[in-house]
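K.L.:
Could you have a look at this structure, given as structure tokens, before my questions?
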């Protein structure tokens, strides 16, 4: 391959330190790319662009303390869930899980949700949700429809009655 910068044929594929701008910030990350041995000009094959974008997003995520795409995928696989089941487990759309695993940067609240709910085994999560639902007699005795849902170390009480103006009633 000929270098478009210097015109020499000294371009080889090797590991290089690349950079990209993500959300207005410059990030650096390692990736295999074509590098000219003479002038150092770096090229990325078009078919490698999705990986380039994912690695750039992951570098940004790491800088900001967010789970990377690989970490999200590893948490899902540790629970032995498909993307669809993981999305259901998190209470999000399957498209969100797919985007996060492909490199789209999740917001901080989604990151906290993934961390809180991916530390559970599916059986524990289902049992915790079932245990948190009040019995019909408990609902009748209180006159309201409330549930307590464990999320990580927190117990969130949710009032589901029609009279409630806010979904969270502490």
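The values are calculated or read from the model by the stated rules, or taken from the named source; none is laboratory data. Keep in mind the model is a prediction, meaning the values are calculated, not measured. Virtual Cβ from ideal backbone geometry, glycine too; neighbours counted across all protein chains shown.
K.L.:
Would you mind telling me which numbered condition in (1) out of contact with any helix residue (DSSP H, G or I) (no Cβ under 7 Å at 6 or more places or on another chain); (2) assigned to a strand (DSSP E or B); (3) surrounded by 12 or more Cβ atoms within 10 Å (Cβ to Cβ) residue 20 fails?
P.N.:
(1)
K.L.:
Also: Given the conditions (1) assigned to a helix (DSSP H, G or I); (2) at pLDDT 95 or above; (3) under 11 Å from the mean Cα position of the chain (by Cα), which single one is not true for residue 56?
P.N.:
Condition (3) is where residue 56 drops out.
K.L.:
Here's a follow-up. Sort out which residues of segment 23-37 are assigned to a loop (DSSP other than H, G, I, E, B) and in contact with a strand residue (DSSP E or B) (Cβ under 9 Å, 6 or more places away or on another chain), and write them in order of number.
P.N.:
Taking segment 23-37 first, the residues assigned to a loop (DSSP other than H, G, I, E, B) are 23-24, 37.
Answer for segment 23-37, where residues must be assigned to a loop (DSSP other than H, G, I, E, B) and in contact with a strand residue (DSSP E or B) (Cβ under 9 Å, 6 or more places away or on another chain): just 37.
K.L.:
Can you name every residue in segment 8-30 that is on the phi > 0 side of the Ramachandran plot and without any contact (Cβ under 8 Å) to a residue 60 or more places away in the chain? Give the steps one after another, and end with the answer.
P.N.:
From segment 8-30, those on the phi > 0 side of the Ramachandran plot are 23-24; that's our starting set.
Within segment 8-30, just 24 meets the criteria.
K.L.:
Let me ask something else about it. Go over the candidates 90, 79, 18 one by one and state the one that is in contact with a strand residue (DSSP E or B) (Cβ under 7 Å, 6 or more places away or on another chain) and either within 29 Å of residue 112 (Cβ to Cβ) or not assigned by TED's automatic domain parsing to the domain that holds residue 113 (or both). Show your work before the answer.
P.N.:
Working: 90 fails: in contact with a strand residue (DSSP E or B) (Cβ under 7 Å, 6 or more places away or on another chain); 79 fails: in contact with a strand residue (DSSP E or B) (Cβ under 7 Å, 6 or more places away or on another chain).
On inspection, the qualifying residue turns out to be 18.
K.L.:
Right, next: Being more than 23 Å from residue 13 (Cβ to Cβ) and either outside any helix (DSSP H, G or I) or touching a strand residue (DSSP E or B) at 6+ places or on another chain (Cβ under 9 Å) (or both), is that true of even one residue in segment 42-52? Explain how you work it out, then say what you get.
P.N.:
Residues of segment 42-52 more than 23 Å from residue 13 (Cβ to Cβ): none.
Within segment 42-52, not a single residue is more than 23 Å from residue 13 (Cβ to Cβ) and either outside any helix (DSSP H, G or I) or touching a strand residue (DSSP E or B) at 6+ places or on another chain (Cβ under 9 Å) (or both).
K.L.:
Follow-up question, since we're still on this one. If a residue must be closer than 15 Å to residue 16 by Cβ and surrounded by 15 or more Cβ atoms within 10 Å (Cβ to Cβ), how many such residues does segment 42-85 contain?
P.N.:
Of the residues in that region, 8 qualify.
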